[in-house]
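The block underneath contains the structure these notes are about, expressed in structure tokens.
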Amino acid sequence: MSISSVVIVGAGHAGVQVAASLREEGFVGAVTLLSAEPHLPYQRPPLSKAFLKGAMEADGLPLRAAQFYQDKGVDLVLGEEATYIDRSARCVELASGRRLAYGHLVLATGARQRPLVAPGIDLEGVLVLRDLTDARGLRERLGSARRIVVVGAGFIGLEIAATATSLGGEVTIVEVAPRPLGRAVSPATSDFFLEAHQAFGARILLGVGVVALHGQNGRVTEVELSDGAILPADLAIIGIGVLPEDGLARRSGLACDNGVVVNEHLETSDPLISAVGDCAIFPSPFVGFPVRLESVQNAVDQARCVARRIVGKPEPYAALPWFWSDQGDLKLQIVGLSHGCDEWVVRGDPRTRAFSVFGFRGGELAAVETVNRPGDHMAARRIIGARLPLSPEQAASLEFDLRKLAASAPK
Ligand SMILES: Cc1cc2nc3c(=O)[nH]c(=O)nc-3n(C[C@H](O)[C@H](O)[C@H](O)COP(=O)(O)OP(=O)(O)OC[C@H]3O[C@@H](n4cnc5c(N)ncnc54)[C@H](O)[C@@H]3O)c2cc1C
């Protein structure tokens, strides 16, 4: 039975791409794209990079111009939150009381900041960065703050720290784990970024947590650590990861487990509802167990996959994961998933600030991290995507021609 209307909840990278791909695939029914945020849907990655630094203004952020939604017949509803899915009536209920009927519903609700539970968290000057409103507030304050404490040495924390040091701030990064980016990258890449941030001018404290934030007149002035140290702070920025925004799905009785549970076709436990992007946990063919990825690539490729299914071209989601992070003059790119990698080899010399790290699982190439080596990244995408054989010795040898191997991948 063909679907006559699609409602998309969430207008981030995933939601906007569902709408765009539906039209590209020739879907002629009604498309409604709902956003809890008041802004024209925008890109998130620049919020911790060019926008935060002042090298990009808000007018450069929109994913599509306003005209796009009109031209494509997409009903963009801004500033409206979906609160409940009445699945028996096939209706989404909005906070305003409005009800939207759907033929198919796509949840693209993204993620929210993992909260830091500590006394003083509500003090003025304690900030997070997830959306444009957060980014505007942080950008305004970064200019005048001198002592900045960044809590969390994940991608976002390190990107903010790099921006803050480049603006002249005295930055201390506090990380409870023994390594920066510990869960996301190889030890070699983690070690490199530790030294790189020290060279940018930041102080990095590892293996310590935040136990309290103290202030005067309602403003943060100090961050207290688990080892008893007190850090003076004009600004404390919390970047300790995100949680899937799956409250709507939970309330509406859909299966959730660290995100909205979907099958290989990205269908939730209700086949009339799909979930895509940061909010969805899906079975990955690259590791053989369910994962939830937080990347633009995953959001966009899952959106395309669902749009194709809606127009009658179903195929399991099997896009190769890739990701990037810009920190100062360093561009980190990652392809593949490194879960369970048991051997890592380095190609090139990290001291040159341009190198790659190849991760193998059971002798097969599973993930490649590159720093300032986009050529290796593009080659690795083709090599992993086509499962071309590459040994650790070949990967480590600069004599071995990666591009030539990549060029042998079937088109
Ligand atoms: C500062 C920052 C920097 C980043 N940098 C990179 C990077 O360099 N590279 C990279 O690959 N990824 C990066 N990411 C991650 C990337 O932005 C996310 O993976 C991507 O935005 C996920 O898209 P999404 O559409 O699934 O979710 P989101 O972009 O989070 O969009 C979800 C939207 O749904 C809305 N919503 C939620 N619930 C409801 C509801 N009930 N009703 C209505 N609307 C709702 C939310 O308000 C939000 O607008 C970064 C993220 C941040 C925050």
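Just so you know, all these numbers are worked out from the coordinates, no wet-lab data involved. Model, not experiment: these values are computed from the prediction. Cβ coordinates were reconstructed from backbone atoms using ideal geometry, including for glycine residues, and neighbour counts include every protein chain displayed.
May I ask you to say which residue of 380, 318, 366 is part of a loop (DSSP other than H, G, I, E, B) and within 22 Å of the chain's Cα centre (by Cα)?
One residue alone meets the criteria, 318.
Check residue 32 against each of (1) more than 6 Å from the ligand (Cβ to nearest atom); (2) part of a loop (DSSP other than H, G, I, E, B) and name the one condition it does not meet.
(2)
If you check residue 318 against the conditions, is it away from the ligand (no atom under 16 Å from the Cβ) and among the aliphatic types (A, V, I, L, M)? Don't jump to the end; show me each part of the working.
Details: away from the ligand (no atom under 16 Å from the Cβ): yes; among the aliphatic types (A, V, I, L, M): yes.
Against the criterion (away from the ligand (no atom under 16 Å from the Cβ) and among the aliphatic types (A, V, I, L, M)), residue 318 qualifies.
Kindly provide the set of residues from the range 40-71 that are among the charged types (D, E, K, R), within 14 Å of the ligand (Cβ to nearest atom) and under 23 Å from residue 156 (Cβ atoms), ordered by number.
Of everything in the range 40-71, those that are among the charged types (D, E, K, R), within 14 Å of the ligand (Cβ to nearest atom) and under 23 Å from residue 156 (Cβ atoms) turn out to be 44, 49, 53.
Under 27 Å from residue 214 (Cβ atoms) and touching a residue at least 24 places away in the same chain (Cβ under 8 Å): which single residue out of 87, 130, 64 fits that description?
None of the other options fit; the residue is 130.
Let's see how each residue does on (1) without any contact (Cβ under 8 Å) to a residue 12 or more places away in the chain; (2) over 21 Å from the mean Cα position of the chain (by Cα); (3) within 15 Å of the ligand (Cβ to nearest atom):
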position	(1), (2), (3)
248	no, no, yes
254	no, yes, yes
259	no, no, yes
274	no, no, yes
281	no, no, yes
285	no, no, no
296	no, no, yes
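Kindly list the number of the only condition in (1) of a type in the set (A, V, I, L, M, F, W, C); (2) farther than 17 Å from residue 127 by Cα; (3) surrounded by 16 or more Cβ atoms within 10 Å (Cβ to Cβ) that fails for residue 233.
(2)
For the range 86-121, name all the residues that are under 26 Å from the mean Cα position of the chain (by Cα), more than 9 Å from the ligand (Cβ to nearest atom) and part of a strand (DSSP E or B).
104, 105, 106, listed by residue number.
With 52, 76, 22 as the choices, which residue is of a type outside the set (Ser, Thr, Tyr), crowded, with 16+ Cβ neighbours inside 10 Å, touching a residue at least 40 places away in the same chain (Cβ under 8 Å) and in a strand (DSSP E or B)?
76
Somewhere in the range 227-243, is a residue within 20 Å of the chain's Cα centre (by Cα) and under 30 Å from residue 88 (Cβ atoms)?
yes
From the list 177, 188, which residue is touching a residue at least 40 places away in the same chain (Cβ under 8 Å), at negative phi and among the aliphatic types (A, V, I, L, M)?
188
Within the range 155-269, considering only strands (runs of 3 or more DSSP E) that don't extend past its boundaries, which have at least 2 residues that are within 30 Å of residue 307 (Cβ to Cβ)? Quick ask: steps written out before the conclusion?
On the way: elements: 170-175, 203-206, 210-216, 219-225, 230-232, 235-238, 242-244.
The strands (runs of 3 or more DSSP E) meeting that bar are 242-244.
With respect to residue 325, determine if the residue is within 23 Å of residue 21 (Cβ to Cβ), of a type in the set (Ser, Thr, Tyr) and within 13 Å of the ligand (Cβ to nearest atom).
no
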